[in-house]
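The values are calculated or read from the model by the stated rules, or taken from the named source; none is laboratory data. Since we're looking at a predicted model, the values are computed, not measured. Every residue, glycine as well, gets a Cβ built from its backbone with ideal geometry; the counts of neighbours run over all protein chains shown.
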Amino acid sequence: MSEPQTLKSGAKKPGKAAPKKAATNGQAAPKRSSRAAAAAKTVPSAPRNPGHAHPFPRTEFLTTVAKLRDAPGDAVAEVAFVGRSNAGKSSAINTLAGKTRLAYVSKTPGRTQHLNYFSVAPDRYFVDLPGYGFAKVPEDVRKQWDVLLGPYLQTREQLKGLVVIMDSRRPLTEMDWQMLEWFAPTGRPVHVLLSKADKLSRQEQTKTLRQVKSDLADLGCPVSVQLFSSLKRSGVTEAAGVLKGWLGLCDNTATDSDGDSASPMPSLSEQDAE
């Protein structure tokens with residue numbers, strides 16, 4: 001047994017030299033153990049402050065609906081998400097739920113052709129609507145959308161509000177206006193997420209937010225507007241407060257560490273994750 005211990009000590013000379021090094025190593029070991037123990041106590045504390053709470057952590061995909069009659073019959077309240085393709089709609093849903101691939105992020109225009117239902121809480125749902133604004137979408141698909149979206153947005157009693165996602169660098173496109181003006185007569189509220197706001201400077205964020213609010217002031221239905229970034233997770237708490245109110249859920253979300261998203265965001269990025 002003594003020979004393996006001598007080899008492990010790394011001693012090159014036989015005799016007394018080996019035990020001396022072994023003894024030295026034996027003294028150093030408790031110091032390393034103490035440091036490791038201290039580090040082990042420190043590591044678990046890091047995840048306790050992730051920066052942003054996920055306001056809808058129990059969100060799960062439920063079903064895809066091609067005909068309105070197949071929508072969940074137990075629904076008490078629904079919030080619908082709509083926006084121009086590649087505006088960041090799927091990323092917004094993923095960010096609110098705190099899940100990476102809950103809503104499929106695709107670069108293929110018109111990937112979402114039906115109503116995708118996500119269970120947020122018992123009898124409460126997010127509904128991901130087809131994106132709009134791409135000429136590449138086949139005409140038969142467009143007609144299918146019209147047949148499905150029209151009745152849903154205008155007659156679905158459980159629909160409590162519409163979230164419209166717009167790229168903050170190109171807000172209020174012609175298709176955005178068509179959607180808003182078409183939905184406004186229902187009288188239901190609209191909440192606009194100006195996505196990818198991390199792409200703008202702080203001055204541009206403030207200017208864009210103010211301009212969009214002004215342009216939508218006379219829309220004809222309750223409307224609210226905020227900045228949002230899935231990449232920086234900015235504006236999550238503000239959006240969650242609106243959606244939880246619509247869904248009739250108790251808002252126990254912690255204060256967003258980025259502050260009010262209507263204010264300029266603290267950091268910017270040149271990357272586009274959506």
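Quick notes
- Residue, nearest to residue 162 (Cα to Cα), within the range 75-85, restricted to residues that are of a type in the set (Gly, Ala, Ser) and not in a loop (DSSP other than H, G, I, E, B): 80
- Among the residues listed as 251, 256, the single one being modelled with pLDDT of 50 or more, farther than 13 Å from residue 88 by Cβ and not in a helix (DSSP H, G or I): 251
- Total residues in the range 41-67 satisfying the condition of being of a type in the set (Ser, Thr, Tyr) and at pLDDT below 90: the figure is 2.
- Scope the range 66-95; condition without any contact (Cβ under 8 Å) to a residue 60 or more places away in the chain and over 20 Å from residue 196 (Cβ atoms); matching residues: 69, 70, 72, 73, 74
- Count of residues meeting criterion [hydroxyl-bearing (Ser, Thr, Tyr), surrounded by fewer than 24 Cβ atoms within 10 Å (Cβ to Cβ) and touching a residue at least 24 places away in the same chain (Cβ under 8 Å)] in the range 191-248: 5
- When residue 72 is tested against (1) over 27 Å from residue 166 (Cβ atoms); (2) modelled with pLDDT under 90; (3) part of a loop (DSSP other than H, G, I, E, B), exactly one condition is not met: (2).
- Residue in the range 83-103 that is modelled with pLDDT of 85 or more, β-branched (Val, Ile, Thr) and within 30 Å of residue 204 (Cβ to Cβ) present: yes
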